[in-house]
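Q: Next up is a structure, given as structure tokens.
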Amino acid sequence: MKKKILIVKSLIPKYDFEFYQKLALVSNLEIYVTSDTLKKNQLNADLTAQKKFHSLHVKIIKIGPFVFSIGLQKIIKKIKPDVIVFGSNPRDITLPFRLMLNKYIYRYKVVTWSMYHRIGGEFFFSRFIHKLAGKMSDRNMSYTNIGAKCQNNRGIPLEKIDVIGTAIDEKKIFQIQRGSEGFNKEAFLNKYDLKGKFILLQVLRLSAIKKPNLLVDMMRLLVKSDSSIRLILIGGGDLEDKLKLNVRDSNLESYFIFVGPMYDEIELSNWFNVAKIFVVPTCIGLSAHHAFCYGLPIITDNSKTNQASEFDILQDEYNCLLYKEGDMLSFSERILQLKNNEELYKKISNNALMTVKKVHTLENKVINFISSINRVFK
């Protein structure tokens, strides 16, 4: 008989959709995922697509900084899952009560799944919620080792914590690459006046947490040493207009190209194929996996408080170069170091590709998730 796994989330981003699809292929599991399927959010996957898992709607209500769901308990009662995996969101004010209710009253196996660390530094409230949820849960699923260490520091024993990992569907990216073998690179470069230029790329939302204005400070230094460098920015966001103004006021318009939001993987592949280095000032996300699929070395900072979970897949001098947090001279020097050292570039590029081909794969994430579920019953 199949084990019923109910995963409780607020939304289903595209990368999670691909994970649930693959998870649902495991023969002894029946996967149910709750989320606010009616919420308009650009991160939400197209849930009208053919699904191998069960997608169930739960309305999410937001009150100030907090959220709570309506109708979840009815779904739990109807499904009668063998395990409930709660996304451990400190803003969900009902989480401790749901864990208590379902574990101690209804006797379900309960698991919490989260990054378990706060970007920008920890608040008492988030620390308290993660600690409380971790104590009550049968297992703690952490995205990465960073989160596992945070939970352990809160008093959760390591034997109760499982690192699941982060991943995208790397095989889909590789397939797109194979389909782009006829890509006319020269014509593309000529179109954007990039022939003979050394291209830096960033693909992410231009929000405060990513500190995109640091790119202007870095480029101001970098172009003094090498005027052949161009920076391509793909993505919109709250700081887009302010960043463009900063670029203009710094007389750097000829060194920046703002492409805007882009979600089509084939169009994105064109930019990844012409880029040399992927740069993110801080708080790198799943774009790290994306860049590595193209063998692009990454340069980002070494911040212990501002980096996201995906920072866990980076190893300085192996598949990336890290610059000293807040030091734009260090940032620019790291770029020149890769540009001017062909042997180092090839080594880091190859290791970047191997990272997502062999280690941080979607398949390994599924294996880690299943292993954690199995430990619940031991």
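Read the figures in this text as sums done on the coordinates, not as results from a lab. Here the structure is a predicted model, which means the values were calculated and not measured. Cβ: placed from backbone, ideal geometry, glycine included. Neighbour counts: every protein chain shown.
Q: So what are the range 314-378's ellipsoid semi-axes, whole angstrom, largest first, if each one is the square root of 5 times an eigenvalue of the alpha-carbon gyration tensor?
A: Each semi-axis is √(5λ); the values are 35, 15, 6 Å.
Q: Between exposed chymotrypsin sites (Phe, Trp or Tyr not before Pro) in the chain, where DSSP calls loop and at most 16 other Cβ atoms lie within 10 Å, what's the longest gap?
A: The longest such stretch corresponds to 1-105.
Q: Then there is this: What size of dipole, in debye to the nearest 20, comes out for the chain about its Cα centre when the only charges are +1 on Lys and Arg C-beta atoms and -1 on Asp and Glu C-beta atoms?
A: Using only the charged Cβ atoms, the result is roughly 1840 debye.
Q: Would you kindly calculate the translational diffusion coefficient of the range 54-193, applying Stokes-Einstein with the Kirkwood radius from alpha carbon pairs, for 10 °C and a viscosity of 1.306 mPa s, and quote it in µm² s⁻¹ without decimals?
A: Value of D from the Cα-based Kirkwood radius: 90 µm²/s.
Q: By what distance, in whole Å, do the Cα atoms of the range 222-300 stretch along each of the three principal axes, largest value first?
A: 35, 30, 24
Q: To continue, here is another question. From zero up to wherever the largest Cα-Cα distance of the range 1-128 sits, split into 10 Å bins and tell me the percent of pairs in each.
A: Going from the shortest bin to the longest, the percentages are 12, 42, 36, 10, 0.
Q: Same structure, new question: In whole Å and largest first, what semi-axes does the C-alpha gyration tensor of the range 111-193 yield when each eigenvalue is scaled by 5 and square-rooted? Working shown, then result.
A: Numbers: eigenvalues 362, 53, 14 Å².
Ellipsoid semi-axes (Å, largest first): 43, 16, 8.
Q: Could you run the Debye sum over the Cα atoms of the range 170-359, one equal point scatterer each and no solvent, and tell me log10 of I(q)/I(0) at q = 0.08, 0.10, 0.14, 0.20 Å⁻¹, two decimals?
A: Once normalised to I(0) and log-transformed, intensities are -0.23, -0.36, -0.75, -1.71.
Q: Tell me, in nm to one decimal, what length is gained between D226 and N374 on full extension, where the rule is 0.36 nm per residue of separation less the Cα-Cα distance?
A: Taking D226 through N374 to full extension adds about 47.8 nm, to one decimal.
Q: What value in Å³ per residue do you get for the convex hull of the alpha-carbon atoms in the range 146-200?
A: About 132 Å³ per residue, rounded to a whole number.
Q: Rounded to whole Å and sorted largest first, list the principal axis extents of the Cα atoms in the chain.
A: The principal-axis extents, from largest down, are 67, 45, 37 Å.
Q: Using the structure shown, list the pairs from K40/K62; K9/K52; K40/K210; K211/K304; K103/K365 with a Cα-Cα distance above 20 Å, or answer none.
A: Violating the 20 Å limit, Cα to Cα: K40/K210; K103/K365.
Q: Next up: Treating the range 22-90 as a set of equal point scatterers at the Cα positions, no solvent, please give the Debye-formula log₁₀ I(q)/I(0) at q = 0.16, 0.24 Å⁻¹.
A: Debye intensities relative to I(0), on a log10 scale: -0.67, -1.33.
Q: Also, quick follow-up: For L243, what is the net charge nearby, where nearby means another residue's Cβ is under 15 Å from its Cβ and Lys, Arg count +1, Asp, Glu -1?
A: Cβ neighbours under 15 Å give a net charge of +1.
Q: If you keep only loop residues by DSSP, which trypsin sites (Lys or Arg not before Pro) in the range 125-231 have at most 13 other Cβ atoms within 10 Å of their Cβ?
A: K195
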